Amino acid sequence: MPISVRATIKPNSRKGPLVEILDDGTLTLYVRAPAVEGKANKAAIELLAEHYGVAKSAVRLASGATSRHKRFDIDL
């Protein structure tokens, strides 16, 4: 059964790649990729897969493809 994760993406980040967990349970994803042509989304999927220890194919962008605020479904 997949879990749903809310995340805010920070593209072009010098701090990344990094996952921060906020007090309300949402994640902040710092990725080095720019927010063009889906590069930041792809980097976020790779980062979440590494963070949760699953394959990249187990992480899907459920909503927010063009927004900083996204929802991912992850098959654990």
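The values are calculated or read from the model by the stated rules, or taken from the named source; none is laboratory data. This one's a predicted model, so the numbers in the text were calculated from it and none came from an experiment. Neighbour counts are summed over all protein chains in view; Cβ atoms, including those assigned to glycine, are modelled from backbone coordinates with ideal geometry.
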> So SER13 clears everything in (1) within 16 Å of ILE74 (Cα to Cα); (2) surrounded by 13 or more Cβ atoms within 10 Å (Cβ to Cβ); (3) hydroxyl-bearing (Ser, Thr, Tyr) except one condition, right? Which one?
Replying inline: (1)
> Quick one: in the stretch 27-39, which of the residues that are over 14 Å from VAL59 (Cβ atoms) and within 9 Å of the chain's Cα centre (by Cα) is surrounded by the fewest Cβ atoms within 10 Å (Cβ to Cβ)?
Replying inline: THR28
> Can you tell me which residues in the stretch 31-76 are of a type in the set (Val, Ile, Thr) and closer than 12 Å to THR8 by Cα?
Replying inline: VAL31, THR66
> How many of the residues in the stretch 1-12 are at pLDDT 95 or above and either of a type in the set (Ser, Thr, Tyr) or more than 14 Å from the chain's Cα centre (by Cα) (or both)?
Replying inline: 2
